[in-house]
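Asker: This structure is in structure tokens; I'll ask about it shortly.
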Amino acid sequence: MSVPALEISGLTKNFGAAKIIRGIDLTVARGERHAIIGPNGAGKSTLFNLITGRFAPSSGSIRLHGEEIGGLAPYEINRRGLSRSFQITNIFPRMTVFENLRCALLWAQGYRYSFWHMVGRQRALNEGAERIMEEINLAARRDVPAGLLSYAEQRALEIGVTIGGGADVIMLDEPTAGMSHSETDYIVDLIRKVTEGRSLVMVEHDMGVVFGLADRISVLVYGQIIATGRPEEVRGNPEVQRAYLGAVLEKEEAAG
Ligand SMILES: Nc1ncnc2c1ncn2[C@@H]1O[C@H](COP(=O)(O)OP(=O)(O)OP(=O)(O)O)[C@@H](O)[C@H]1O
């Protein structure tokens with residue numbers, strides 16, 4: 001059996017006396033798209049921040065491709081092949097689409113302190129930036145400053161920046177937050193495309209997005225995973241219905 005992309009076991013996180021993550025075991029296979037859902041305050045962002053290195057675990061283990069990453073700094077985790085996007089757009093508004101992607105590649109390849117090294121890599125960087133631009137469907141917007149793109153295009157660019165470093169585990173925090181139906185469809189198609197052959201872990205409140213994208217779903221309630229499985233298994237799980245999904249799906253149906 002191949003080593004999972006991500007393997008979390010016995011993970012806990014306390015803030016002072018508050019036990020926020022209370023013993024999580026979770027495995028994400030290579031190439032799997034995995035969604036984490038659950039009610040407000042369940043600990044989804046905290047779990048996300050533990051995996052990406054913003055917080056150190058109180059106990060337990062987080063392995064990326066078999067190597068322990070729990071407690072490493074975010075940039076060290078990034079170098080090992082895990083990249084995250086941000087809920088708040090993380091691009092440079094005055095730089096063009098192309099420059100943003102080039103900058104992401106430059107940063108990821110670790111040339112930021114070596115100007116001469118960088119000059120020698122110009123061609124590879126330019127080609128890499130062009131390739132990602134095609135992948136995220138922004139070639140026609142190549143020379144537009146990022147700040148002038150539509151909101152959905154900015155999120156697409158941000159996904160481009162996230163995959164720019166060649167990471168094979170992508171973490172997305174609410175990638176469709178604040179989007180209209182059509183923008184959501186556009187970003188979902190894009191995420192499906194760019195995560196082909198990569199592993200995806202996403203926190204998302206929109207159940208249409210979750211059930212449309214995820215191979216497997218984990219339901220986090222009060223710092224523990226109460227169910228993990230394929231979408232239809234999770235949807236049919238009575239405990240999940242009771243703790244979370246019943247109310248959410250009713251609300252979404254009512255909203256049309
Ligand atoms: N740095 C912190 N210090 C103390 N408590 C925190 C900290 N970060 C989060 N918490 C608490 O941890 C709990 C879980 O928060 P978290 O943001 O992880 O939940 P969530 O599932 O992402 O919620 P939402 O869906 O509303 O974003 C909350 O009660 C929150 O107040």
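Every read-out reported here was derived from the displayed coordinates using simple, explicitly stated rules and does not represent laboratory data. Every value quoted in this text rests on a predicted model; they were computed, and no experiment measured them. Reconstructed Cβ throughout: ideal geometry from the backbone, glycine too, with neighbour counts over all protein chains shown.
Asker: Report, in degrees rounded to the nearest 10, the 0 to 90 angle that the Cα long axis of helix 181-194 makes with the longest principal axis of the chain.
Answerer: 70 degrees
Asker: With the cut-off at 1.5 for a/c, could you classify the stretch 170-256 from its C-alpha gyration tensor as rounded, prolate or oblate? Please list the in-between numbers first.
Answerer: Numbers: a/c = 1.97, a/b = 1.28, b/c = 1.55.
It is oblate, given that a/c is not under 1.5 and a/b is not larger than b/c.
Asker: Using the charge dipole of the chain (Lys, Arg: +1 at Cβ; Asp, Glu: -1 at Cβ; taken about the Cα centre), state which of LEU220, VAL234, SER180 has its Cα farthest towards the positive end.
Answerer: Positive-most Cα among the choices belongs to LEU220.
Asker: Kindly provide the GluC sites (Glu not before Pro) of the stretch 153-256 that DSSP labels as loop, not H, G, I, E or B, and whose Cβ sees at most 13 other Cβ atoms within 10 Å.
Answerer: GLU196
Asker: In whole Å, what are the extents of the chain along the principal axes defined by its C-alpha atoms, from largest to smallest?
Answerer: Here the spans come out as 57, 43, 38 Å, largest first.
Asker: By a straight-distance test (C-alpha under 12 Å), which aspartates and glutamates pair with LYS44 as possible cross-link partners, with residues fewer than eight away in the same chain excluded?
Answerer: Leaving aside aspartates and glutamates fewer than 8 places away in the same chain, those within reach of LYS44 are ASP173, GLU174, GLU204.
Asker: In addition: Name the residues whose placed amide hydrogens come within less than 5 Å of the amide hydrogen of LEU200, ignoring near sequence neighbours (fewer than 5 apart) on the same chain.
Answerer: Residues meeting the amide H criterion: GLU32, ARG33, HIS34, ILE170.
Asker: Could you give the distance between the Cα centres of the stretch 148-198 and the stretch 1-67, to the whole Å?
Answerer: 22 Å
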